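Worksheet for the structure shown next.
The values are calculated or read from the model by the stated rules, or taken from the named source; none is laboratory data. Treat the numbers as computed from the prediction; the structure is a model and nothing was measured. Because the Cβ atoms are built from the backbone with ideal geometry, glycine has one as well, and the counts that use them run over all protein chains shown. Side chains included, ligands, DNA and RNA excluded: accessible areas come from the protein's heavy atoms. Shrake-Rupley method; radii C 1.70, N 1.55, O 1.52, S 1.80 Å.
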There are 2 protein chains.
Amino acid sequence: MLYTSPAIERAIEQLSRLPGIGRKSAQRLVFYLLKIPEEQVSELAQSLTELKQKVRYCSVCFNLTEEDPCPICRDPARDRSTICVVEQPNDVLALEKTGQYRGLYHVLGGSLSPLDGIGPENLRVRELVQRLQGGEVREVIVATNPNAEGEATAIYLAQLIKPLGIKLSRIARGIPVGSDLEYADEITLARALEGRIDL
Amino acid sequence: MLYTSPAIERAIEQLSRLPGIGRKSAQRLVFYLLKIPEEQVSELAQSLTELKQKVRYCSVCFNLTEEDPCPICRDPARDRSTICVVEQPNDVLALEKTGQYRGLYHVLGGSLSPLDGIGPENLRVRELVQRLQGGEVREVIVATNPNAEGEATAIYLAQLIKPLGIKLSRIARGIPVGSDLEYADEITLARALEGRIDL
C-alpha cells in the first residue's frame, strides 16, 4: 500500500489527463506547486476557471473571444472582402502573428475525417456558405492544415464555393507537409500566404 | 496588434510559468481546456487549490501529508529503528513504490549547494539530529541523489551522525537495471565496481 495524500493523488491524476503530460510530469508539477506560494497556485487555478467562464465562440467567425462578435470581426480596418478559412482557433493566432493578413477569418472547428466520423455537418461549413452568400466576400483563402484531412477539407470547400463565383485560393505548401500549422514559424507562414494559388 | 482574449492570454501566461511547459505547450493546453466540458476544468482548478489548502509538511519527517504526523510516521507496522534520509518528498514516493523499505523517512528539503547559497541551516538537518538523539534509531540510510550536491550532503551527514554511534549506509551507486554497461559513464562504472557484492 502506497502512502500518498489523496489531495496530491487527485492533483496528479487531474494534471496527467492533460495532453502531453504523463504521470511523471504531473508528479513533478504537483511537487513544484506545493513549493511555490499559495497565491501563485490560486492565480493559476483562477485563470483556468475564468478561461471557461469568459471565453466563447464568435457567432460570426467561430474564433474564441470574450466579446461577440470578436475583435477581428468588429474591426472596421479589416478587409471584409477576404475570408481565411482555418481549422482551429490557434491557427488564427498563428496567422495573426505573421502581421501579413488583414482580412477576416472563419474557423471550421476541425477538418473532414471520415474515419473519425467527422463530416461537413460537424464543421462550421454551413455557416461559412451563409457568410459567402452575403455577397461582400470576393476571396476565400483556404488555410486548413497541409495533411490528408486538411487537403480533403480544402477540396470539399472548393467544390462548394466555386459555384458561388468567389475567388478561391489555398495557402502555398511552404509549410512542411505532414506538420501542423501552429508549429510553423512566422516567416514560413507569411510566405505561404504570399504564394497562395488559385483552387 | 494581436487579437487575443485577455483570459486566454492570462491562462497561457500562468501555465507557461510551470516547469517544463513552454509558451507553445501552454497554448495547446489552453485550447484543449477550452474544448473539454467546464466541469472538467473546474475539477482540475479545484484540485490545484485544494492541494495547497490540504497538504502540509509532517512535523516529524517533513514529508508532505494531509495529517500530521504523516501516515508513515504513525504506522505501528513500520520499523522505527531505521531512517532513510532523502532530499525531496517525491523521493519518498519513489522508494515506497519499490515496496522494499519498511523503515521511516526524513526529508531534508534539498541538498547542500554552496553555489546556490544552500547550507545545512536551509535543510532539515537539525531536526534529523534531534530525531537521532531520541535513541530509538539504529540505522540511517542516506538516499540523497548520486550527484555532486547529493554526495556532498551525504558526506556532511556522515560527519554529523557517525559520532552518535548510529550505523550509517548510503544507497548503492551502479548501473541501472536493464541498461547497458557500454552506455554507463566512467564514474558510475567505477562506483559499480567499488560497490560490488559477493555472489
Filter the stretch A:16-25 down to the residues that are more than 7 Å from every other protein chain (Cβ to nearest Cβ) and more than 22 Å from B:Gly110 (Cβ to Cβ), then identify the one that is surrounded by the most Cβ atoms within 10 Å (Cβ to Cβ).
A:Ile21
Does the stretch A:162-199 hold any residues that are open to solvent by 80 Å² or more (accessible area, probe 1.4 Å), under 17 Å from A:Val86 (Cβ atoms), outside any helix (DSSP H, G or I) and at pLDDT 70 or above, and which are they?
A:Arg196
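Listed here are the residues, each with its yes/no results for (1) among the hydrophobic types (A, V, I, L, M, F, W, C); (2) modelled with pLDDT of 90 or more.
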| residue | (1), (2) |
| --- | --- |
| B:Asn90 | no, no |
| B:Leu93 | yes, no |
| B:Glu96 | no, no |
| B:Gly99 | no, no |
| B:Leu108 | yes, yes |
| B:Ser113 | no, yes |
| B:Pro120 | no, yes |
| B:Glu127 | no, yes |
What is the number of the single condition among (1) assigned to a loop (DSSP other than H, G, I, E, B); (2) within 27 Å of A:Tyr156 (Cα to Cα); (3) not assigned by TED's automatic domain parsing to the domain that holds A:Gly150 that A:Ile72 does not meet?
(1)
Condition first: open to solvent by 20 Å² or more (accessible area, probe 1.4 Å), over 19 Å from A:Asp79 (Cβ atoms), of a type outside the set (Ser, Thr, Tyr) and modelled with pLDDT of 90 or more. Now tell me which residues in the stretch A:134-161 satisfy that.
A:Glu149, A:Ala152, A:Ile155, A:Gln159, A:Leu160
Return yes when B:Leu64 is of a type outside the set (Gly, Ala, Ser), closer than 28 Å to B:Val107 by Cβ and in contact (Cβ under 8 Å) with a residue 24 or more places away in the chain and no when it is not.
yes
For the subset of the stretch B:66-81 comprising residues that are closer than 16 Å to B:Val140 by Cα and touching a Leu at 6+ places or on another chain (Cβ under 8 Å), which member is most open to solvent (accessible area, probe 1.4 Å)?
B:Arg80
List pairs: first residue in the stretch B:112-125 and within 17 Å of B:Tyr57 (Cα to Cα), second residue buried (at least 16 other Cβ atoms within 10 Å of the Cβ) anywhere in the structure, Cβ distance under 6 angstrom, at least six positions apart or on different chains.
B:Leu123/B:Leu108; B:Leu123/B:Gly109; B:Leu123/B:Gly110; B:Arg124/B:Phe62; B:Arg124/B:Leu108; B:Arg124/B:Gly109
Out of the stretch A:40-65, which residues are open to solvent by 40 Å² or more (accessible area, probe 1.4 Å), closer than 30 Å to A:Ser169 by Cα and not basic (Lys, Arg)?
A:Tyr57, A:Ser59, A:Val60
In the stretch A:88-119, which residue that is under 17 Å from the mean Cα position of the chain (by Cα), farther than 19 Å from A:Leu189 by Cα and outside any loop (DSSP other than H, G, I, E, B) is nearest to the other protein chains (Cβ to nearest Cβ)?
A:Ile118
